[in-house]
Amino acid sequence: NLVNYRGTPIFRVFETIKNEDERYGVPVIGSEIIGLIPLEAIVQVADHYLKLEKFDVDQVLEKKILDTISVK
């Protein structure tokens with residue numbers, strides 16, 4: 001279980017597991033998320049793999065909608 005995505009980002013855990021799998025000749029064919037995950041954790045993964053420049057969680061449409069709704 002990952003409990004501190006800020007201290008240990010999901011992409012780092014995934015890459016570590018993938019590297020270990022490759023050492024043994026076993027490819028990663030999928031992954032899954034069980035339970036809830038903070039939006040910021042998903043944004044970290046997207047930012048890392050997509051090499052996004054100047055990306056901010058406020059650019060996520062659903063977050064903007066929720067922020068707008070909660071202000072009213």
Taking first residues from segment 15-43 that are without any contact (Cβ under 8 Å) to a residue 12 or more places away in the chain and more than 26 Å from I65 (Cα to Cα) and second residues anywhere that are part of a loop (DSSP other than H, G, I, E, B) and of a type outside the set (A, V, I, L, M), the pairs with Cβ under 7 Å that are 6 or more apart or on different chains are D21/P27
Given the conditions (1) closer than 18 Å to G7 by Cα; (2) without any contact (Cβ under 8 Å) to a residue 12 or more places away in the chain; (3) among the polar types (S, T, N, Q), every one holds for T68 apart from (1)
Output for segment 11-50, where each listed residue is outside any helix (DSSP H, G or I), at pLDDT 95 or above and among the hydroxyl-bearing types (S, T, Y): Y24
Which ones in segment 17-41 are among the β-branched types (V, I, T), closer than 18 Å to N1 by Cα and either in contact with a strand residue (DSSP E or B) (Cβ under 9 Å, 6 or more places away or on another chain) or surrounded by fewer than 10 Cβ atoms within 10 Å (Cβ to Cβ) (or both)? I34
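The values are calculated or read from the model by the stated rules, or taken from the named source; none is laboratory data. Computed from a predicted structure; not experimentally measured. Cβ sites come from the backbone with ideal geometry, for glycine too, and all protein chains shown count toward neighbours.
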